[in-house]
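Following: one structure in structure tokens, then a few remarks.
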Amino acid sequence: MNFRRNEQQVFGARADGTALQGGSHVLRWYHTLLLGASLTAIYLNLPVYLYVLNPSFLPKYIFYGIFILALPLMLLRRADLGEYMSSPFVLWALSFLLINFIHLQSFSLAGDVGVSNFSDNYGEARRSMVSTRSQYILFAVILGFIAYTCAEKYYLRAFWLIMLVLPAAVLFDFAQPGVLYPVDTDGAVLGRAAAMFINPTMAGEAILHAFLFACALAPTRYRVPLFILAGAAIVVTFSRSSIIAWVLIFMILVCMNTLPKSAMFWTALIFAVSLLFVGHFQSYLDSRQDFEDASSNLLSRLNFFSSFKFDDDSSEERAAVIKAGWDMFLQNPVFGAGAGSTHFWLHRGSTHNQLLSLAAEYGLFGVGLWVWLLVILWKGNFFKDRGLQGAMVFLFAFMSLFTHLMFDGAFNWLATFALISRRYK
């Protein structure tokens, strides 16, 4: 496979990037390998996964380690800092940081009466959550600068490894639950595979990110097998939003000629064959003793694609928190109810909707941040192939309706924003 030629075809910059002036070959490769390793850790969710396995190993250790290893490179490329700091993504991120800082200053350690049913530690916990969110955004800016100054695009070959490891791990997690992490881990859902992400919805989103990045580097003949591999893993997460996004992204990529037209035939054939085995799959789920307490939920998720009815417990819960989030926005339409307010309220979960979460917490300023980011991503030209750029933008807009963790628990989203917002001259 001619990776270098393919990089020149699919990325918005030359494959040789903007090489370090007077920099050594070793230093350039150090930069490339560090960035590739960082992306691998992020898109495999290793910081959180290692913490789940060993609570004494905090996620921040990996982030701090990446920063320390990258600090010499950042100092060497400080001449580019001014140009990078004026880039659209950095301006957006700094604005988001400023809003969070303002909200942090307004919090009282005693908490907000009427918003939370938590203990007296509510205010401190909320400050900690918003502070962590701010740190994630700041680290995304740093990661973006490391990528901005990297001399080579070869670091993106890490997505080949990610695209092989992550789907395989998710499929293994479905076949052998409890091996990669205890089934009673906080955030895990019995029967829904998630591998290192623990949360199945986050795992489905990360697979879609990895597929699009890997698809960019892959010759055309390998893209359909990658798509099928991604789909197989996403299906066993039982994340309806990720499954629908997978199908719609396929349509976008075929229409934009990123995937060959022949992909429609092969994919339709696979879908047709899969439908013949739906009944057998349902019987298989019923026969799994380890899924005994979860089979009804899994089957209701599968039945959604034939009935299109939102009548299961998960859908009812989502409807309730969406209504609560909307009411919170109407009560505080301009400035919002405060950062973190949708995570510390009377409901079990947050809004499951990133746009609504921003609106409820930050008011119209939050809505403006979402729209601004959407425009930045659309105007980016990280990929020469507009199909890939458009698919990434669509994924952000679509998944914003089903997740509220883009700026909190799933750092791969912020990493993706930092990468694809780049505008090459």
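The values are calculated or read from the model by the stated rules, or taken from the named source; none is laboratory data. Not measured: the values here are computed from a predicted model. Note that we place each Cβ from the backbone using ideal geometry, even for glycine, and neighbour counts take in every protein chain shown.
Tell me whether segment 255-268 contains one or more residues that are surrounded by 23 or more Cβ atoms within 10 Å (Cβ to Cβ), modelled with pLDDT under 95, under 16 Å from the mean Cα position of the chain (by Cα) and of a type outside the set (Val, Ile, Thr). Steps first, please.
First, pick out the residues of segment 255-268 that are surrounded by 23 or more Cβ atoms within 10 Å (Cβ to Cβ): 258-259.
Within this subset, residues satisfying the condition of being modelled with pLDDT under 95 are 258-259.
With under 16 Å from the mean Cα position of the chain (by Cα) added as a condition, the list becomes none.
Scanning segment 255-268 turns up no residue that is surrounded by 23 or more Cβ atoms within 10 Å (Cβ to Cβ), modelled with pLDDT under 95, under 16 Å from the mean Cα position of the chain (by Cα) and of a type outside the set (Val, Ile, Thr).
Taken over segment 4-45, the criterion of being of a type in the set (Val, Ile, Thr) and modelled with pLDDT under 80 is satisfied by 10, 18. Mind checking whether some residue in segment 126-134 is touching a Phe, Trp or Tyr at 6+ places or on another chain (Cβ under 6 Å), within 24 Å of residue 58 (Cα to Cα) and modelled with pLDDT under 90? Yes, segment 126-134 contains a residue that is touching a Phe, Trp or Tyr at 6+ places or on another chain (Cβ under 6 Å), within 24 Å of residue 58 (Cα to Cα) and modelled with pLDDT under 90. Looking only at residues in segment 173-227 that are in a helix (DSSP H, G or I) and among the charged types (D, E, K, R), which one is nearest to residue 55 (Cα to Cα)? Step by step, filter segment 173-227, then rank; the result is 173.
Pick from 252, 207, 243: which is buried (at least 24 other Cβ atoms within 10 Å of the Cβ) and not hydroxyl-bearing (Ser, Thr, Tyr)?
Numbers: 252 fails: buried (at least 24 other Cβ atoms within 10 Å of the Cβ); 243 fails: buried (at least 24 other Cβ atoms within 10 Å of the Cβ).
Step by step, each of 252, 207, 243 is checked, and only 207 is buried (at least 24 other Cβ atoms within 10 Å of the Cβ) and not hydroxyl-bearing (Ser, Thr, Tyr).
Would segment 410-418 turn up any residue that is surrounded by 19 or more Cβ atoms within 10 Å (Cβ to Cβ) and of a type outside the set (A, V, I, L, M, F, W, C)?
Going through segment 410-418, the residues surrounded by 19 or more Cβ atoms within 10 Å (Cβ to Cβ) turn out to be 410-418.
With of a type outside the set (A, V, I, L, M, F, W, C) added as a condition, the list becomes 412, 416.
So far as segment 410-418 goes, yes, one or more of its residues are surrounded by 19 or more Cβ atoms within 10 Å (Cβ to Cβ) and of a type outside the set (A, V, I, L, M, F, W, C).
Condition check for residue 358 on (1) buried (at least 22 other Cβ atoms within 10 Å of the Cβ); (2) of a type outside the set (Phe, Trp, Tyr); (3) in contact (Cβ under 8 Å) with a residue 24 or more places away in the chain; (4) out of contact with any Asp or Glu (no Cβ under 8 Å at 6 or more places or on another chain): one failure, at (3).
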